[in-house]
Protein chains: 2
Amino acid sequence: MSRPDLERLGAVYPRYLNAIVLHGLATAQAVGLGPTDLYAVGTLSFYGRMTSGDLAAKTGLTTGATTRLIDRLEQRGLVRRVTDPADRRRVLVEAVETDALELDAALAPARDKLGEVFAACSPAEIAALTDHFERATPAFHEAIEMIRESD
Amino acid sequence: MSRPDLERLGAVYPRYLNAIVLHGLATAQAVGLGPTDLYAVGTLSFYGRMTSGDLAAKTGLTTGATTRLIDRLEQRGLVRRVTDPADRRRVLVEAVETDALELDAALAPARDKLGEVFAACSPAEIAALTDHFERATPAFHEAIEMIRESD
DNA sequence: AGCATTATCTGCATTCATGCAGATATTAGA
DNA sequence: TCTAATATCTGCATGAATGCAGATAATGCT
């Protein structure tokens, strides 16, 4: 791989990540949630129910702060507590599928704009991009854990 | 483009964005800044000096809150205020290139893990990905503006 | 020169997320 | 059964980000 290629990636990629995070913050603000709260809901809906403790680990909060986070989300009807029948100390939290948030509306501009970007791609390019996204996602999750371990 | 392709993209992409934002939040926490503060620094260093008001617009904060944000960043030596000689009401803010933050250290895990992902790509794939990132970045910025306009 | 406009800053107040330490409930093990 | 360990919750406290309204400073127009 040639040097110029990597340099261009190095220049473009940080700005790209910056834009995505900024967009995430703006979305949270638009739906009236803190960033952590909104992305906790996302995590729950993408990866399914998990215990309060697991959610604490994912978000990097203490268990106490996580209790309060779940309280807030439950109060807004975004999340549901289910006691684990196998171990009644544990509380499973699951996303309620609803659009109590107007999350769909908040994401509409991104969907439109990104839709145009993807629409300009060939099927092969879409496949390549999807492959990349699929590999990059766990890489970010691993990086998150590593950041938190070295605190 | 076939349906299955788009469905896979639709499943993978939201998780990908979720991971990036979560990683952004974890990074901010690791360096001891609020998410807005950290991504304001990023915006300044990527796009160069801008007025306080422009930064307010970019972050979606009021001008008062932005003054405080600049105060915080200046106090930590991440940013510098420069009075605009052409219009002395205006304050230009520019990023100070320093690693007063151990931002490099905080980003190291992501660099490593993502580096592996990119290393597995052919030069052609790298070029295609870079093209995509380059097109997606302004799309996100436009989406941010649209979200804020419809508040 | 005088006035309206613009850009940033300040004082004040408030909301909110979060940590911490101890409480409670449940399970597991000796 | 008694005790230790585990999972979540609560009370309390605090720091921090933010908004808002008015203050200050600079510019531009008439």
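The values are calculated or read from the model by the stated rules, or taken from the named source; none is laboratory data. In this text the structure is predicted, and so the values were computed from the model without any measurement. Cβ placement follows ideal geometry from the backbone for every residue including glycine, while neighbour counts extend to all protein chains displayed. Surface accessibility is based on the protein's heavy atoms, side chains included, excluding ligands, DNA and RNA. Shrake-Rupley method; radii C 1.70, N 1.55, O 1.52, S 1.80 Å.
Brief remarks follow.
- Under 5 Å, built H, 5+ apart or other chain: amide partners of A:MET50: A:VAL93
- Accessible area that becomes buried as A packs against B, both chains, 1.4 Å probe, Å², nearest 100: 6200 Å²
- Counting only Cβ charges, +1 for Lys and Arg and -1 for Asp and Glu, the dipole size of chain A around its Cα centre is about 380 debye.
- With every protein chain in place, the protein assembly as shown: carbon and sulfur % of accessible area (1.4 Å): 52 percent
- In Hz, Karplus ³J(HN,Hα) per residue of segment B:111-128 (6.51, -1.76, 1.60; θ = phi - 60°; x = Gly, Pro): 4, 4, 5, 6, x, 4, 4, 6, 5, 7, 9, 6, x, 5, 5, 4, 4, 5
- Relative to the longest principal axis of the Cα atoms of chain A, the long axis of helix A:3-31 lies at roughly 40 degrees.
- Summary value for chain B: 19 percent relative contact order, contacts being C-alpha pairs under 8 angstrom separated by 6+ residues.
- Å² per residue, accessible surface of segment A:35-100 at 1.4 Å: 55 Å²
- Neighbouring partner chain Cβ atoms per residue of B:38-51, average, 10 Å criterion: 2
- The charge dipole of segment A:35-100, taken about the Cα centre with unit charges on the Cβ atoms of Lys, Arg (+1) and Asp, Glu (-1), comes to about 220 debye, rounded to the nearest 20.
- In order through segment B:97-107: 3J(HN,Hα) via Karplus (6.51 cos²θ - 1.76 cosθ + 1.60), integer Hz, x for Gly, Pro: 7, 7, 10, 4, 6, 8, 5, 4, 5, 5, 8
- Across the identical copies, how the B:ASP112 labels are spaced - nm, sorted shortest first, 7 Å along Cα→Cβ: 4.3
- Rounded FRET efficiency, nearest 0.05, which uses the C-beta distance separating A:GLU7 from A:PHE46 and R0 of 30 Å: 0.35
- Residues whose placed amide H lies under 5 Å from that of B:VAL96, excluding near-sequence neighbours: B:VAL79, B:ARG80
- When segment A:35-100 is described by a simple charge dipole with +1 on each Lys and Arg Cβ and -1 on each Asp and Glu Cβ, the residue from A:GLY42, A:GLY64, A:THR98 located farthest towards its positive end is A:GLY64.
- Accessible surface, 1.4 Å probe, highest first, among residues A:GLU97, B:GLU94, B:GLU74, A:GLU7: A:GLU97, A:GLU7, B:GLU74, B:GLU94
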